[in-house]
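What follows is one structure encoded as C-alpha cells, with my remarks underneath.
The values are calculated or read from the model by the stated rules, or taken from the named source; none is laboratory data. Note that the structure is a prediction, hence the values are computed from the model and not measured. Neighbour counts are summed over all protein chains in view; Cβ atoms, including those assigned to glycine, are modelled from backbone coordinates with ideal geometry. Remember, those area values only see protein heavy atoms, side chains included, never the ligands or the DNA or RNA. Shrake-Rupley method; radii C 1.70, N 1.55, O 1.52, S 1.80 Å.
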Amino acid sequence: MTLADVVASTGSMIVVSNRLPFVLVRDKDGNLKRKASAGGLVTAVAPVVINGNGLWVGWPGIHLNDPTEPIPESDPNDITPTAGLKSDKVVAVQMDPVMFDSYYNGCCNATFWPLFHSMPDRATFKGEHWKSYVKANKEFADCTIKALESLPPCTGNNDMPLIWVHDYHLMLAANWIRQAAEERELKCKLGFFLHIPFPPWDIFRLFPWSDEILQGMLGCDMVGFHITDYCLNFVDCCQRNLGCRVDRKNLLVEHGGRTVRVRPLPIGIPFERFVELAEKAPRVLSTNQKIILGVDRLDYTKGLVHRLRSFEKLLEKYPEHIEKVSLLQISVPSRTDVKEYQDLKEEMDQLVGRINGRFTTPNWSPIRYIYGCVSQDELAAFYRDSAVGLVTPLRDGMNLVAKEFVACQINIPPGVLIVSPFAGAGETMHEALICNPYEIDDASDVIHRALMMPEDERILRMNYLRRREKLNDVNYWTKSFLSAMGSLVTQDEQDDVGSVTMPAVTLDDFDEYLAKPKLPRRQKPECEGTRRNCLIRKPLN
Ligand code: GDG
C-alpha cells in the first residue's frame, strides 16, 4: 500500500504549519510564483491533504502588501508533491511584518528553540515577544477555522475533518480552534506534532507562560512527539504545572473533562527516494581518502564546534589517519540575521582554519568545509561515498541526516554511522555507534573505532539500520499519525479502520537482541568485549 492509497478517514485533513509547503516569490515582472519545498514532511503529508480534498494553512514566506492578492496555481510542469494542491486549498496567513518578526525570530527562535533544546542560558524571555506569539497563534487559529468552515458539513464521526497542527511555532493555536469550532458547532479532530524535543519539567517551567503552552497543546485530542522520553516530559509537566490527572503507562492526560492521548511517533524519511538518488547520483568525491561526513544547519544545537575538536583530537591521538582521512563538513546557513548564529559561523571559520593550519601537508588538508547548501543529488552522493556519517548534535528532536545517510549507504561494504545519544535518532537507531559529543577524548576514540571497524561488522550494523528506516519511513509515520487519531482508512479498506498497525516485533529482531541488559550502548576500554559495539560479533548466551 502506498500513501496515495491512504485517505484521512472519509473526512479531509487540514494541515497547519508555520510555513506553507511551498514559498511564494516574485518573478522579474512582479508576478507571484510558487517555489517548491523538497522536505520529506511535505512529500508525505501533501498526498493525504490533496487526496482527501483538504487544505493547508501557513505563512507563504513573503509579506504581501495586498493580503487579498490571489495565490498562484502551480506551474503546469511542476512534478513536486504539492503540484496538485490547488490555490483554493491553500490558506496563506498574513501578519504585520513587525509582529511576525517578534513572533518568529523573537519568541520561536530566541526563546522556544534554545529552551526546548535544554539550553536555557541562550533563551531570552520577553513579554512583547510572547504577546506577538499569542497574537500570531490567534491569527493561525482564525485562518484554520475559516478553512474548516469551507469544508462540506460532516455527517458523523466517520467523515470528521482532521486538523494537524505542527511544531513549536503553533503551540497555542489548538485551544482556540477547539473553542471556535465548538461555538460554531463544527466537528473536527485535532492533532499536534512537535518536531523538536520536549524538555524536562525543571527546564520547561523556566518559561514564564508555561501553563498557557500546556493548555494550548491540550486543546488537541492527541499530541505526538518523536520519542517516549519527550512524551513523558510532557505528561510530567502537565501533572506538575497544571495538576492534571495523568496515566504515565498509557500516556494519557486528563484536562478540561477530556482525555488527551500522548504518543511517540518517530518521524522517518522518504527512504526509497534517497535510495534512488544514491543509485543515480554521479560520483562527486574524487579521492582515495576515507571521508567522515557531517551535514547540518549551522546551528548551536548541532554540536559543530565539539565535532571539529573531536576530529582534531583524533588526528592528535591517532596520527595514522593523517593523509588518509578527511572530514567533509557541510554547514547550511541558517538564521543568518541573528547575532548568535553569526558568532557561531565566525567560531567555525576560525576553528577550521586553525585545525587545517596545524595538520595540513603538501598533499592533504584535514577539513573540507562547505558553508552553503548542496543539491539533493550531490548530498546523496556524499552520503553514499563517505566512510563515516558523523551526527553528533548536543540536542536534536530526531535528526533526519542520520536516516538519509543510512538510506544512501548502498555500497558494499558500507560505512559506519555515529550518532549522539542526545538526538531522537540516537534513541532509535540502535546499531549506530554512540558518541557523547561533550566528551571530546572519547568521541575521538569512537571515530577511530568507526574508521577501523571490520567489514563484516559494518555490513551487519548497516543492514539492520537500513531495514528499520525502510520499514519506518515517512509514509509509515503519516500512517501512524492517522492511526493514532483513529483516522486511518485505505481506499481499498474503507470499512477496516485502523487495520494498519505497528509492524510486529519478531524474536530475531535486532532491537530485542540489543535491548538485553548485557548490551551497553557505548564502549569503554575497561570493559572491552562486553559492550554493545563488540558483542555484535560475539554470540549472546
Ligand atoms: C527539525 C528538528 C527533526 C541539510 N543540508 C542540506 C540539506 N539538508 C537537509 C537534510 C535534512 C534536513 O535538511 C535537516 O533535517 P534535520 O532533521 O537534520 O534537522 P532540522 O532542520 O533541525 O529539523 C529535527 C526534524 O525537524 C524533522 O522532524 O528531525 O530534530 O530539529 O533533510 O537532508 N538538503 C540539501 N542540501 C543541503 O546542503 N538539499
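Is it the case that CYS231 is open to solvent by less than 10 Å² (accessible area, probe 1.4 Å) and within 25 Å of PHE125 (Cβ to Cβ)? Taking the combined requirement at face value, the residue does not satisfy it.
Residues in the stretch 280-325 that are in a strand (DSSP E or B) and surrounded by fewer than 22 Cβ atoms within 10 Å (Cβ to Cβ): LYS290, ILE291, ARG297.
A Cβ distance below 7 Å, combined with a sequence gap of six or more or placement on separate chains, defines the contacts here; from the stretch 185-196, residues that are assigned by TED's automatic domain parsing to the domain that holds VAL16 reach residues that are charged (D, E, K, R) and open to solvent by 30 Å² or more (accessible area, probe 1.4 Å) in the pairs LEU186/GLU149; LYS189/ASP221; LEU190/ARG178; LEU190/ASP221; GLY191/ASP221. Checking each residue in the stretch 341-362 for being within 16 Å of the ligand (Cβ to nearest atom) and either farther than 24 Å from THR124 by Cα or exposed (fewer than 14 other Cβ atoms within 10 Å of the Cβ) (or both) picks out no residue at all. Scanning the stretch 374-393 for residues that are surrounded by 14 or more Cβ atoms within 10 Å (Cβ to Cβ) and either at positive phi or free of Cβ contacts under 8 Å to residues at least 60 places away in the same chain (or both) yields a count of 1.
Against the list (1) in contact (Cβ under 8 Å) with a residue 24 or more places away in the chain; (2) more than 26 Å from CYS408 (Cβ to Cβ); (3) open to solvent by less than 60 Å² (accessible area, probe 1.4 Å), the condition SER334 fails is (2).
Okay, residues lined up against (1) of a type in the set (A, V, I, L, M, F, W, C); (2) in contact (Cβ under 8 Å) with a residue 24 or more places away in the chain; (3) over 30 Å from SER483 (Cβ atoms):
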site	(1), (2), (3)
ARG273	no, yes, no
LEU285	yes, yes, yes
GLY294	no, yes, yes
TYR300	no, yes, yes
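When ARG240, ARG263, ARG258, ARG245 are screened for being more than 30 Å from ILE412 (Cβ to Cβ) and surrounded by 18 or more Cβ atoms within 10 Å (Cβ to Cβ), only ARG263 passes.
Of the helices (runs of 4 or more DSSP H) lying entirely inside the stretch 88-192, those containing at least 1 residues that are open to solvent by less than 40 Å² (accessible area, probe 1.4 Å) and within 15 Å of LEU55 (Cβ to Cβ) span 127-150, 173-183.
The residues listed here are GLU427, GLU404; of these, the one that is touching a Phe, Trp or Tyr at 6+ places or on another chain (Cβ under 6 Å), within 13 Å of the ligand (Cβ to nearest atom), open to solvent by 10 Å² or more (accessible area, probe 1.4 Å) and more than 12 Å from GLY303 (Cβ to Cβ) is GLU404.
Of all residues in the stretch 240-264, those that are assigned by TED's automatic domain parsing to the domain that holds LEU206 have Cβ atoms under 8 Å from Cβ atoms of residues that are part of a loop (DSSP other than H, G, I, E, B) and open to solvent by 50 Å² or more (accessible area, probe 1.4 Å), 6 or more apart or on another chain, in ARG240/ARG205; ASN241/ARG205; VAL253/ARG245; GLU254/ARG245.
Looking across the stretch 38-63, the residues that are free of Cβ contacts under 8 Å to residues at least 40 places away in the same chain and either within 16 Å of the ligand (Cβ to nearest atom) or open to solvent by less than 30 Å² (accessible area, probe 1.4 Å) (or both) come down to GLY39, ALA46.
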